[in-house]
Amino acid sequence: MSLPRSSWILLTVGPVLTIFFCFWALCALGNGALVEFDRDLARHFAEETGKDALERTIMIGITHSGGIPAMFTLALAGVVWQISRGDRRLAMAWAVIALSGGLLNQVLKKSFDRPRPPVEWRDAAVTETNESFPSGHSMGSMIGYSMLGFALLPQLRRRAAKAALIGLLVALIGLIGFSRIYLRAHWFSDVIGGFAVGAAWLAFGLAWVIFLQARTATSPQRKQERIEPTS
């Protein structure tokens with residue numbers, strides 16, 4: 001069978017995002033205007049944030065919602081949920097996309113080997129010591145919460161409910177990325193890079209999922225056509 005239209009769209013978006021990520025990485029790891037902007041923004045937050053205890057507490061809570069424990073729990077819950085619904089294919093896809101995305105992030109971090117903002121600039125809540133680019137929280141939340149949206153959207157009938165879900169998840173993903181900059185755990189360009197490569201990986205993964213779903217949907221029809229007698 002041919003690829004569904006949505007799979008073709010995702011297979012177009014994926015390479016475009018990949019190219020953007022490569023270009024962005026060159027800019028982030030160079031010595032140009034983006035690097036200067038990174039440093040100016042981090043310095044600004046280092047000087048201005050932390051004065052509002054409630055604001056800082058909220059940002060810390062948001063950043064934890066995109067961390068490894070949260071993303072692992074979300075993926076595990078998603079897999080169990082899909083298995084309970086009888087959709088083992090989506091359950092396996094969720095696990096594979098999330099796990100492979102995490103591994104890809106670690107490979108990219110090691111390959112680029114970019115230092116995080118200086119320790120003296122970071123918030124006390126930031127304990128990570130590994131490489132900075134691309135942001136794992138940004139990449140992981142893009143994949144994890146987008147997978148949640150992909151699984152939930154077909155369960156909603158009203159357009160308003162679907163729009164509200166998309167808006168909520170987009171806001172959460174964006175806030176997680178912002179929290180990493182706010183706490184000086186990452187440079188601005190780390191966060192954008194994480195979003196870009198996470199969205200690219202998700203596009204490739206969902207293109208595969210949609211193709212498998214379409215093939216499953218047409219299988220009973222094909223079987224029926226084979227058993228019908230010819231005139």
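All of the numbers you see were taken from the coordinates with simple rules; none came from a lab. This one's a predicted model, so the numbers in the text were calculated from it and none came from an experiment. Here Cβ is always computed from backbone atoms with ideal geometry, including for glycine, and neighbour counts include all displayed protein chains.
If you place +1 on the Cβ of every Lys and Arg, -1 on the Cβ of every Asp and Glu, and leave all else neutral, what size is the dipole of region 136-220 about its Cα centre, to the nearest 20 Debye?
Working: 7 positive and 1 negative charges, 68 e Å.
Charge dipole of region 136-220: 320 debye, to the nearest 20.
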Let's test the formula: R0 of 35 Å, r as the Cβ-Cβ distance of residue 163 and residue 119. What FRET efficiency results, to the nearest 0.05? 0.25
Who wins for biggest fluctuation among 85, 114, 180 in a Gaussian network model of the chain, springs between alpha carbons below 10 Å? 85
At a threshold of 8 angstrom on Cα-Cα distance, excluding pairs fewer than six apart, so keeping six or more, what relative contact order does the chain reach in percent? 35
Could you pull out the GluC sites (Glu not before Pro) across region 70-166 that fall in loop regions by DSSP (anything but H, G, I, E, B) with no more than 15 other Cβ atoms inside 10 Å? 128
Computed over the Cα atoms of region 124-172, what is the convex hull's projected area averaged over all directions, in nm²? 4.4
Distance (nanometres) between label positions extended 7 Å along Cα→Cβ at residue 49 and residue 155: 3.2
Please give, to one decimal in nm, the separation of the simple spin-label points placed at residue 215 and residue 170, each 7 Å out from Cα toward the Cβ. 3.2
What 222 nm value per residue comes from the helices of the chain, counting each DSSP H run with n ≥ 4 as -39,500 (n - 2.57) and dividing by all residues, nearest 500 deg cm²/dmol? -26500 deg cm²/dmol
Hydrophobic long helices for the chain, i.e. whole DSSP H runs reaching 15 angstrom or more by Cα along the axis with Kyte-Doolittle mean at least 0.5, come out as 5-28, 53-64, 68-84, 88-112, 136-152, 159-182
Principal axis box of region 5-215, alpha-carbon based, largest edge first, Å: 53, 37, 29
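Please give me, ordered by residue number, the trypsin sites (Lys or Arg not before Pro) of region 7-52 that lie in loop per DSSP and have at most 11 other Cβ atoms within 10 Å. Don't jump to the answer; show the numbers that get you there.
Numbers: sites: 39, 43, 51; in loops: 51.
Sparse-neighbourhood loop trypsin sites (Lys or Arg not before Pro): 51.
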If we count every other residue with Cβ under 15 angstrom of residue 133's Cβ, Lys/Arg +1 and Asp/Glu -1, where does the sum land? +2
